[in-house]
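First the structure, in the form of structure tokens, and then the observations on it.
The values are calculated or read from the model by the stated rules, or taken from the named source; none is laboratory data. Model, not experiment: these values are computed from the prediction. Note that each Cβ is placed from the backbone with ideal geometry, even for glycine, and that neighbours are counted across all protein chains shown.
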Amino acid sequence: MAALLEIDTPMFSKIERGDMRAKREQVIKLAEYFHQDVNEMLTLWLADKVLDAVDGEEEELSNDPISTAQEQIKAL
């Protein structure tokens with residue numbers, strides 16, 4: 001699997017354990033390899049990035065930026 005992602009085995013182990021996040025290109029390769037929907041996998045990957053960004057913030061504070069981002073995305 002590490003060869004598919006063009007990374008070394010220790011780096012792949014870090015991704016497996018959750019110590020490191022896969023890159024966008026790697027998520028796409030994994031989705032294709034496992035015959036999964038690429039958009040769904042990327043959506044989950046982005047959601048994890050958002051959750052990491054607001055982790056540890058107060059609930060009120062973490063919800064406002066997410067709502068603001070949703071509105072800005074709709075305006076694109």
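Among the residues of the range 17-57, count how many are at pLDDT 95 or above, of a type in the set (Asp, Glu) and either part of a helix (DSSP H, G or I) or surrounded by 14 or more Cβ atoms within 10 Å (Cβ to Cβ) (or both).
The number of residues fulfilling the criteria is 3.
Quick test for you: out of 14, 74, 49, pick the one residue that is closer than 14 Å to residue 2 by Cα and basic (Lys, Arg).
Numbers: 74 fails: closer than 14 Å to residue 2 by Cα; 49 fails: closer than 14 Å to residue 2 by Cα.
Answer to the selection: 14.
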